[in-house]
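Read through the structure below, which is laid out as structure tokens, and then see the notes.
Here, each number is a calculation from the coordinates, and none is a lab measurement. In this text the structure is predicted, and so the values were computed from the model without any measurement. FYI the Cβ positions are ideal-geometry reconstructions off the backbone, even for glycines, and counts take in every protein chain you see.
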Amino acid sequence: MLREKARIMDAAGMGRALRRMAHEIVEREEPGEELALVGIRRRGVHLARRLQEEVRRLTQREVPLGILDITLYRDDLVDRSPQPEVHRTEVPFPVEGRRLVLVDDVLYTGRTVRAALDALVDLGRPRRVELAVLVDRGHRELPIRPDYVGKNVPTAAEEIVEVRLPEVDGGVEEVVLVERPAQ
Amino acid sequence: MKGRDLLDLADLGADELETVLEAAASMEDVLARRIKKVPTLRGRSLVTLFFEPSTRTRISFELAGKYLSADVVGVNAAAASVQKGESLEDTARTLEAMGVDAVVLRHRAAGAAELLARCLEVPVINAGDGMHAHPTQGLLDLYTVRRRKGELRGLKVAIIGDLEHSRVARSDLIGLTRLGAQVWVAGPATLLPPGLEGLGARVAATVEEALREADVVMALRLQRERQQQGLIPGGEEYARCFGLNRQRLALAKPDALFLHPMPLNRGVEVTSEVADGAQAVLFDQVRAGVAVRMAVLYLLLGGGN
């Protein structure tokens, strides 16, 4: 049984963090740039939708939203059990020349983001790619850093950061720190 | 499905068939891209061992492997040491010793893939064994129909022709009925083997009965190379009695799909008018073939323990 240690963010806190991130994303826009958000399945997609909504409120503009499935790009397929299901990547706009913001829930080792970058460049050549995450929990294994962070959370390796979203998990919206059960 | 063999669609449950078809949809997206390559099977190797002539199936498997970044070696069995009398078992052990991660086998003898699978630890994929099974052809037909019709449940599918010698028909029949389609078969009485009902088929008295109100029509290739015993009178008469022409296809629903495993005997089991017509989805099938084989390779070789 997983033991819940602490609640890192509640629904209001998550809303504030996403609003601030949307502000930052809009602020860093350069003239002539075409912005698009790309959520990494699964939770990144829902967070990207929220960011899209916040950007719309700020700018009255609808930025395109893509969905990235990185299963085929993982470097840990051999060790993963059960076998991850492949879902579809849906990026319904040309990435060529665009400014893309990748969105994920938790940044940890950086391997997911590495896979996502590989998946993205196979779709074309974006002008630049940035990274937005709701939680950065540290412990990077690759030279990857986020451009937009909802909250930095120092963690121990045996802890798990769970982002709970009603769209995926039902129930309340929150981010909690839980302890991995002893092996 | 990791580590398993794919010998016969009968070994897959409905949920596993669905898993393959879902994965194939993602693979088809990869095929549509400018860069048709994903790194999924980087560092894995695949050997295609074909003891019977085949272009489509072999190229399809080899491309599927390459699009997933596997290293693919095609063995031309006609030139291989098999011709020097090496047994299938010895060939298999040799491949295993070389570190092959999966073997795709096409063989004229039914059960050859199973025999190979028994000698090998790594997955064996049956690419057609005698008159027994051709599971990936069955999967690509399921995929093609599902993609066009949305769902297989409740569809009426007519399979017309030489059921006796057709491993394709057998695999289609198993897959289609398992996913809830209603399959009717018709063909020359001499080419309708006993036991079709046991596989879930309804045997129609006439081609017309099978075709009436069908959602999907599949014509099987008249396998002339397997017709030495005079089971049918000849191509022309076959065409007259069992061939798919415009009039016969009109008995099916107006939006019925026409499938054929190819290669075509034009003017025998199907007229050019039908084969090249708006209802034919033969090249969808070919494209689906690459996608489902990518899905199968991913599921058998990629990830999980």
Taking amide H positions as placed in the peptide plane 1.01 Å from N, state which residues far from B:Val183 in sequence (5 or more) or on other chains have amide H under 5 Å from it. B:Val157, B:Arg202
In whole Å, largest first, the alpha carbons of the stretch B:218-273 cover along the principal axes 37, 20, 16
What is the average number of partner chain Cβ atoms found within 10 Å of a Cβ in A:115-122? 2
If you take each beta carbon of peptide A:70-76 and count the beta carbons of other chains within 10 angstrom, what is the mean? 5
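Taking a ≥ b ≥ c as the square roots of the Cα gyration tensor eigenvalues, with a/c under 1.5 meaning rounded and otherwise prolate when a/b beats b/c, else oblate, which class fits the stretch A:1-102?
oblate
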So what J values fall out for the stretch B:168-175 if you push phi through Karplus, 6.51 cos²θ - 1.76 cosθ + 1.60 with θ = phi - 60°, rounded to Hz, Gly and Pro as x? 5, 4, 5, 5, 4, 4, 5, x
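So what's the convex hull volume per residue for the Cα atoms of the stretch A:20-159, in Å³? Write out the running numbers ahead of the final one.
On the way: hull volume 15.7 nm³, N = 140.
It is 112 Å³ per residue.
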per DSSP, antiparallel bridges as share of beta bridges in chain B, % nearest 5, sits at 5 percent
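Local charge sum around B:Gly43 (other residues, Cβ-Cβ under 10 Å, Lys/Arg +1, Asp/Glu -1)? Walk me through the numbers before you get to the answer.
On the way: positive: B:Arg42, B:Arg44; negative: B:Asp71, B:Asp101.
Value of the local net charge: 0.
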For A:Ile8, what residues show an amide H to amide H distance below 5 Å, using hydrogens built from the backbone and excluding near sequence neighbours? A:Val175, A:Val176, A:Leu177
Quick one: which residues, 5+ away or cross-chain, put their amide H under 5 Å from the amide H of A:Val103? H built at 1.01 Å from N. A:Val38, A:Gly39, A:Ile40, A:Ala132
Computed over chain A, the relative contact order (Cα-Cα under 8 Å, seq sep at least six) in percent reads 27 percent
Compute a Gaussian network model of chain B, connecting alpha carbons closer than 10 Å, and tell me which residue from B:Ile35, B:Ile232, B:Ile59 fluctuates the most. B:Ile35
Based on alpha-carbon centroids, what's the gap between the stretch B:89-168 and the stretch A:99-145 in Å, whole number please? 39 Å
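Ratio to report: Rg/Rh of the stretch B:50-198, with Cα atoms as the point set and Rh obtained by the Kirkwood method; give two decimals.
Numbers: Rg = 17.2 Å, Rh = 16.9 Å.
Looking at the stretch B:50-198, the ratio lands at 1.02.
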Under the helix-only model (-39500 (n - 2.57) for each DSSP H run of 4 or more, divided by the residues of chain B), the mean residue ellipticity at 222 nm, to 500 deg cm²/dmol, is -11500 deg cm²/dmol
Rounded to the nearest 10 degrees, what's the angle between the helix A:11-27 long axis and the longest principal axis of chain A, both from Cα atoms, 0 to 90? 30 degrees
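Can you work out D for the stretch B:162-305 in µm² s⁻¹ from Stokes-Einstein, where Rh is the Kirkwood radius over C-alpha pairs, the temperature is 20 °C and the viscosity is 1.002 mPa s? Kindly include the intermediate steps, with their values, before the conclusion.
On the way: Rh = 16.2 Å.
For the chosen part, D equals 132 µm²/s.
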Mind telling me which of B:Leu231, B:Leu12, B:Leu46 comes out most flexible in a GNM of chain B, alpha-carbon contacts under 10 Å? B:Leu231
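Please return the longest range in chain B lying between exposed loop sites, taking trypsin sites (Lys or Arg not before Pro), DSSP loop only, at most 15 other beta-carbon atoms within 10 Å, and leaving the sites out.
Details: sites that count: B:Arg4, B:Arg33, B:Arg34, B:Lys36, B:Lys37, B:Arg42, B:Arg108, B:Arg153, B:Arg212.
In short, B:213-305.
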³J(HN,Hα), Karplus 6.51/-1.76/1.60, whole Hz, each residue of the stretch B:35-40, x for Gly, Pro: 9, 8, 7, 10, x, 3
All-pairs alpha carbon distance profile, the stretch B:101-184, 5 Å steps from 0, percent: 3, 15, 22, 21, 15, 12, 9, 3, 0
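Please state the equivalent ellipsoid semi-axes for the protein assembly as shown: what are the square roots of 5 times the Cα gyration tensor eigenvalues, largest first, in whole Å?
Numbers: eigenvalues 486, 141, 78 Å².
Each semi-axis is √(5λ); the values are 49, 27, 20 Å.
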If you keep only loop residues by DSSP, which GluC sites (Glu not before Pro) in the stretch A:140-183 have at most 13 other Cβ atoms within 10 Å of their Cβ? A:Glu141, A:Glu158
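Note down the net charge around B:Arg108, summing +1 for each Lys or Arg and -1 for each Asp or Glu among other residues with Cβ under 9 Å from its Cβ. Before the final figure, lay out the partial values.
On the way: positive: B:Arg106; negative: B:Glu52, B:Asp129.
Combined, the nearby Lys, Arg, Asp and Glu give -1.
Net charge around B:Ala169, counting only other residues with Cβ within less than 11 Å of its Cβ (Lys, Arg = +1; Asp, Glu = -1)?
Values: positive: B:Arg167, B:Arg170, B:Arg221; negative: B:Asp141, B:Asp162, B:Glu164, B:Asp172.
Residues close to B:Ala169 contribute a combined charge of -1.
Could you calculate the FRET efficiency of B:Glu86 with A:Ala156 from 1/(1 + (r/R0)^6), where r is the beta carbon distance between them and R0 is 51 Å, rounded to 0.05?
Details: r = 58 Å, r/R0 = 1.13.
It comes out at approximately 0.30.
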So which residue, out of A:Leu68, A:Leu117, A:Leu51, gets the largest mean-square fluctuation from a GNM of chain A using Cα contacts under 10 Å as springs? A:Leu117
CD proxy, 222 nm, chain A: helix-only mean residue ellipticity via -39,500 (n - 2.57) per DSSP H run with n ≥ 4, per residue, nearest 500, stands at -8500 deg cm²/dmol
